[in-house]
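The values are calculated or read from the model by the stated rules, or taken from the named source; none is laboratory data. Treat the numbers as computed from the prediction; the structure is a model and nothing was measured. Please note: Cβ atoms are built from the backbone with ideal geometry, for glycine as well, and neighbour counts cover all protein chains shown. All accessible areas refer to the heavy atoms of the entire protein, side chains included, with ligands and DNA or RNA removed. Shrake-Rupley method; radii C 1.70, N 1.55, O 1.52, S 1.80 Å.
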Amino acid sequence: MSNQEEHDIDPLETQEWLESLESVLEREGPERAHFLLQRLIERTRRSGAYLPFSANTAYVNTIPLDRQRPIPGDQAIEHTIRSVIRWNAAAMVVHANRTASELGGHIASFASAATLYDVGFNHFFRAPTAENMGDLVFFQGHSAPGVYARAFLEGRLTEEQLRAFRREALTEDGLSSYPHPWLMPGFWQFPTVSMGLGPLMAIYQARFMKYLENRDMLPKQNRKVWAFMGDGEMDEPESLGAISLASREDLDNLIFVINCNLQRLDGPVRGNGKIIQELEAVFRGAGWNVIKVIWGSYWDHLLMKDKDGLLHRRMEEAVDGEYQAFKAKGGAYTREFFFGKYPELKEMVADMSDEDIWRLNRGGHDPHKVYAAYAEAVEYSDRPTVILAKTVKGYGMGEAGEGHNITHSQKKMGEDALKAFRDRFNIPISDEEIGDAPFYSFPEGSIEHDYLRKRREDLGGFMPVRLDEAPPLPIPGLEIFDALLKDSGDREFSTTMAFVRMLSTLARDKNIGKNIVPIVPDEARTFGMEGMFRQLGIYASKGQMYEPMDSDQVMYYREDIKGQILEEGINEAGAMSSWIAAGYSYSTHGVSMIPFYIYYSMFGFQRIGDLAWAAGDMQVRGFLMGGTSGRTTLAGEGLQHQDGHSLLVASTIPNCMAYDPTFAYELAVIIHDGMTRMYQEKENVFYYISVMNENYSHPAMPKKSEQGIIKGMYCLEEGEEKPCKVQLMGSGTILREVIEAARLLRDDFDIAADIWSMTSINELAREAKACQRWNRLHPTKKAKKSFLESQLEGRKGPAIIATDYMQAYPDQIRDFVPMRYVCLGTDGYGRSDTRAALREFFEVNRYHIVVAALKALSDEGDTDGKVVAKAIKMYGVDAERPDPMAV
Ligand SMILES: Cc1ncc(C[n+]2csc(CCOP(=O)(O)OP(=O)(O)O)c2C)c(N)n1
Ligand SMILES: [Mg+2]
């Protein structure tokens, strides 16, 4: 007896209600029944009763048989094609591991997903054409072999390429382990194998598509974003973290397909529960349209026979751990332990053989069911759809791993396993050949070959495909920032304020203004951007349905369906995903957008570094603005806010250009150069630029400094010729301390200093290392000299550098600085205090710079240790203070 029945105090009354419902269902259909139930619930709630909410529906397919749209095309041919794709995908992995077992690869995941992809490829995924930019598809990363296997049959990839799966370093033909646009730029669009990022990025891709449509920057073409993911992957907070945004924004252009094979790497995803039911509740609760594809067509006749609901109940009762075992252990086991639980059910399948029972398929392996779900999903309006498809991990692998806990990492198949796989899918490969696991392809002109090509032709061409065809943007000259290139006189402002002015100027530009995408995570007021609310509007898909409380103000909170600003709320991962969608628009939508995402620098790379890495892989073009950067510049906020390492993390991403400017003109030159490189010359780089909130006045741009600003250093001030000289370097706000240190050295010690603004240590280090490498490999050729070395050549005295970041940041160029080189930085945890106190604490203020300079001179024998001691005393430097790293 079920739980519900036990609590039934009046079964007769229950029966009457159920009968009424039955008759409504019969006569008027489920929609009417739903309406009546809804009314009943409403009425009960109005009476004051508390009714708990259940977001779950029965453990059966959402689409009943009578609503199931028939799949077009020839299912026999599609089955043959799919079988060969399965074979080739497995063979690729087998080959790679015969070459070297260290190469790895996955068979079981794609084996479970083959039908889900195949129905998409044959009937849904639209490739970009001149008329329609097509759909965006996020393929599950480790199902890549299946995507290659299809591309091979289509003639896009050669057998040599399949044989070079996971061999990319020295082989031109090599295929990437996973979807990596950096490595296969004409093929893969989205890197997805860092789990959770795919689902998150897909939501923001769909959202950005609507943004562009609503702003009239893209025609409405009913394009879709398809995102394929694993059920285990749904445990990543990133996977589910933005699903409410998708329904709030009515993203009916978004379709999630979750391959519920009930297993992750180690074992069951929810052995003791049901992942499909859990996800259904989560997505329904978040307002999604949920389509469950649980049972395949072979179950239809059994379900029709289930008049008393016992089969439904059994389906509901069994947990995923059991379902996994049913597939791993076969028909007899299923008869005994699934149907056998109730004599009536056992009877129901009495005339079925074990083989028949085992063949009772899961929805995700049935193209008819999958087609019906996709067909409803693409037509659904107003809300995003999630398809929860039940499958078997390692489908078709039999003893070699079907439904086994070890199956995820199974990458080898012996001859017997290969034979079994061949027989199961009818692959025309003989016993003699099978040992070599040969690839199979349909000959030109064969029915299958023609069918395959025709399906894709009808859908616009091959997929996946990554384009880079957006026309270049006409970037205005540097004069556009004229006001910021001049001496600011007495006016003091921060580089953040300078940035906001630039942004606002750019947004007004008649050519590229509309392409600017300002992105903020609930931090616009922090950065003084509230003026833009009015100027540009905050994007809101529903416009502004209320009178804002500050509507009488000049800078009121203006939401608009055509708004330009993406105000993402307290959601750095989402804001970063928006930035990715915008900066990738050149590829996905054929129109370059220029995103500027400004945030508290500490909540950038450190918080969402993996998304930044994915952005690099995708070759996103845009600007990340690390606001309130530096460990001593953001004074009061303390340990969790003060960023001393983002520039270092930026250095780890090969195509990320990172800068730490001090003055407004430097920022202007860097942003201008970035726009030219990314949107005019279409270079695949992106920018990380620190901006600060410390106010000071800005000098005019020195003549001929542009090249140095871009390359990473220029001489801001030539020191006098004196017997004792040092090279003082700095960046960001600490450059101002360096300038003051030069004055102290001159006035108090008669020592001259050349002053260098080091706008990008990362760029200097990269270029110098590239020269070093070239010289190492070309020992007999004339050695190349790096920009850094050419700048410092012939300069006198030791070099001392101070920045607001860890010493490791300036340390990157140590090998190439031709003189003694001393780095001061802000190593250790931050803490709150005034800027002056923090700079004393971290030993990056002018006095510490002077002390460091004198000590370097004394180490060179150019002055005496006593002079250093004198300075320490004179400036009140506390030599006994603990090391900031240790406290
Ligand atoms: C962030 C992250 N953590 C861990 C992994 C390693 N990993 C790759 S696949 C996998 C299991 C995937 O299970 P599921 O999402 O259910 O996909 P399936 O293979 O079952 O389709 C794991 C743990 C990863 N790729 N990314
Ligand atoms: Mg799984």
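Details
- Principal semi-axes in Å for the range 621-744 [√(5λ), Cα gyration tensor, largest first]: 26, 21, 13
- Report note on the peptides 41-49, 145-153: ranked by the mean count of other C-beta atoms within 10 Å, highest first, their order is 145-153, 41-49.
- Taking all C-alpha pairs of the range 747-846, those more than 20 Å from each other amount to 49 percent.
- Backbone phi angles across the range 566-581, fed through the Karplus curve with coefficients 6.51, -1.76 and 1.60 (θ = phi - 60°), yield HN-Hα couplings of 9, 9, 8, x, 7, 6, 5, 5, x, 4, 5, 5, 5, 4, 5, 4 Hz in residue order; Gly and Pro are listed as x.
- MRE, 222 nm, helices only [DSSP H, n ≥ 4, -39500 (n - 2.57), over the chain, to nearest 500]: -12000 deg cm²/dmol
- Environment charge of residue 450, counting only residues whose C-beta is closer than 14 Å and scoring Lys/Arg +1, Asp/Glu -1: -3
- Considering only the range 601-712, percent of DSSP beta bridges that pair antiparallel, nearest 5: 10 percent
- Assuming charge only on the beta carbon of Lys and Arg (+1) and of Asp and Glu (-1), the dipole of the range 503-650 about its Cα centre is about 500 debye to the nearest 20.
- Where 444, 172, 278 fall by accessible area, highest first, once all protein chains stay in place (1.4 Å): 172, 444, 278
- Counting only protein heavy atoms and using a 1.4 Å probe, the accessible area of residue 304 comes to about 110 Å².
- For residue 806, net neighbour charge (Lys/Arg +1, Asp/Glu -1) across residues whose Cβ lies under 12 Å away: -3
- Amide H to amide H, with H built 1.01 Å from N, residue 254 comes under 5 Å of 225, 385, counting only residues 5 or more places away or on other chains.
- Unit charges at the beta carbon, dipole of the chain: most positive-side option, 272, 391, 539: 539
- Lysine pairs within the range 207-321, Cα separation less than 21 Å, 8 or more sequence positions apart or different chains: 5
- Cα-Cα separations in the range 733-805 greater than 21 Å, expressed as whole percent: 42 percent
- For the chain, the residue among 745, 653, 164 whose Cα projects farthest onto the positive side of the dipole built from Cβ charges is 745.
- Of 630, 242, 813, farthest towards positive along the dipole that unit charges on Lys, Arg, Asp, Glu beta carbons give the chain: 813
- Of the residues 756, 613, ranked by 1.4 Å probe accessible area with the largest first, the sequence reads 613, 756.
- Legend: residues 270, 27, sorted from most to least accessible area (1.4 Å probe; ligands, DNA and RNA excluded), read 27, 270.
- Charge tally in the Cβ shell below 12 Å around residue 547, where Lys, Arg are +1 and Asp, Glu are -1, residue 547 excluded: -2
- Over the chain, the ratio between the Cα radius of gyration and 2.2 N^0.38 Å evaluates to 1.12.
- Accessible-area composition of the chain, carbon plus sulfur, in percent [1.4 Å probe]: 50 percent
- For the chain, accessible area per residue (1.4 Å probe, heavy atoms of protein chains only), Å²: 41 Å²
- Helix axis angle, 30-46 relative to the chain longest principal axis, alpha carbon, degrees: 60 degrees
- Charge dipole (debye, nearest 20) of the chain; +1 at Cβ of Lys and Arg, -1 at Cβ of Asp and Glu: 1780 debye
- DSSP bridge orientation in the chain - percent antiparallel, rounded to nearest 5: 10 percent
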